[in-house]
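Below is one structure; the comments refer to it alone.
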Amino acid sequence: MPVFGSLGDFGLSDVLMLLGNRQGSLDLRSIPGYSQPITVSVANGEILSISQGGEALDPERASALLKSLLRQAQGEFEFTDCPSEHLANCRNALRWPLERALLTAGQQETEWSAYQRAFSDPRTKFEATSAEVQLDDSLRDFWGKAERLLKSDGATAEELSEKLAMPLEQAQFYLYELRLAGLVTPARGHSREQASKRDLWRQVLGALRK
Amino acid sequence: MAESTLLKLIVAGPVGAGKTTFIKSLSEIPVVETDEVASENIGKDRTTIGIDFGLARVGNYEIRLFGTPGQERFDFMQDIVAEGALSLALLVSGAAPQSLPGARRILEYLTSQFPMPFVVGVTHQDRERAWKPDEVASFLKLPEEQVLGLDATSREDARAALQRMLEFALLGERR
């Protein structure tokens, strides 16, 4: 069963990240302004090619199209798994690492409102990962200010907005970008209180199995 | 007879995922429903506007089941029921991929602010076009074993989801 849905519900960045470990073709249809079907071929965490009306685009046109598509809030998508031998024939292979391509395309866009659909709840706590990634100037500046907070107890967009004196949507946008870059992730740690419930979990599990 | 211990399970997820049905499947008392006629187009005529309540007995344990409303405007109710919860079952319909970003938003918020074991149940697997559990796991960036397909009308499936959640939680504590 193919992965399918509407770009009104998922940002394209979400869809592409979902396909990180799959190989196949993502067909985009009913995109305003684009009468010809668009296909993004992915494999092994890379964008292999972007084609429009069956023609593989050169890197410059592909990059411009990707940037435009990332802002789209209308259109349908459907992903179909393809055998690797079929994808190996992709002409003009771009071989763009997915996360890097998305981050680069996003950083060129300063209107964070275009990405609001993909933002997390402003009360979701994020924490820093151990990844090391090169960032552009604006994101590096934010990371420099927020890193300590994100590395200690974690922080929400609401907290970062207040402590760093910036609009909430901007803090959400930067967290979204840092997440794409792999530098932060929603906190999901086991609290001390939770660890103390371990015996209880075991007893309930034992009762369920009877 | 030994005194029973009260525990709390939250059943959360977007509109139409099958939360009320799931609670009815598990509950051993008539479920206190808060369904009302939907005031906006959410794909069904009636929806939960308050907190559904049921009670499941597992050995000497009584598990209070709290179902949160799926509409975003009722998000504040999640905080009310999440405090002190034993665990979370997040339900999402595989046939309604448009609800997945909302499901992720709920899951990430609740588990970042109220750390607790959780499982994700993907309903409507009998539909012709539906995302499979492994695809939902990939979208939510979760291990595949933490996401399972289930029929919300099945008591066995609902209990299996509880079991999977606790097994996974204990496994996580050992890691």
### Query
Across the residues of B:91-104, average count of Cβ atoms on other protein chains within 10 Å?
3
### Message
Beyond a 23 Å Cα-Cα separation, which of these cross-linked pairs lie in this structure: A:Lys125/A:Lys145; A:Lys197/B:Lys132; A:Lys210/B:Lys132; A:Lys145/B:Lys141?
### Response
A:Lys197/B:Lys132; A:Lys210/B:Lys132; A:Lys145/B:Lys141
### Query
What is chain A by shape, rounded, prolate or oblate, if you read a ≥ b ≥ c off the alpha carbon gyration tensor as root eigenvalues and call it rounded for a/c under 1.5, prolate for a/b larger than b/c, and oblate otherwise?
oblate
### Task
Please give the average number of partner chain Cβ atoms lying within 10 Å of the Cβ of each residue in A:9-21, rounded to a whole number.
3
### Test item: B:22-29 mean partner chain Cβ contacts at 10 Å
0
### Query
Where does each of A:Phe77, A:Phe142 land when they are ranked from fewest to most other beta-carbon atoms within 10 angstrom?
A:Phe142, A:Phe77
### For the stretch A:119-186, the spread of Cα positions along each principal axis, largest first, Å
25, 22, 20
### Task
Using R₀ = 25 Å, calculate the FRET efficiency as 1/(1 + (r/R₀)^6) where r is the Cβ-Cβ separation of A:Arg100 and B:Phe76; round to 0.05.
0.05
### Query
If you wrap a convex hull around the Cα atoms of the protein assembly as shown, how much volume per residue is inside, in Å³?
154
### the protein assembly as shown - charge dipole about Cα centre, Lys and Arg +1 at Cβ, Asp and Glu -1, debye rounded to 20
880
### Query
Can you list the equivalent-ellipsoid semi-axes of the stretch A:149-191, largest first and in whole Å, using the square root of 5 times each Cα gyration tensor eigenvalue?
18, 13, 8
### Query
Can you give me the pair-distance distribution of the stretch A:3-107, C-alpha pairs, 10 Å bins, whole percents?
16, 55, 28, 1
### Query
Pick from A:Gln172, A:Gln194, A:Gln134: which is most flexible by mean-square fluctuation in a GNM of chain A where alpha carbon atoms under 10 Å apart are linked?
A:Gln194
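Any read-out appearing in this document is the output of simple, stated calculations on the displayed coordinates, not a laboratory observation. Values in this document were obtained by computation on a predicted structure and should not be read as measured data. FYI the Cβ positions are ideal-geometry reconstructions off the backbone, even for glycines, and counts take in every protein chain you see.
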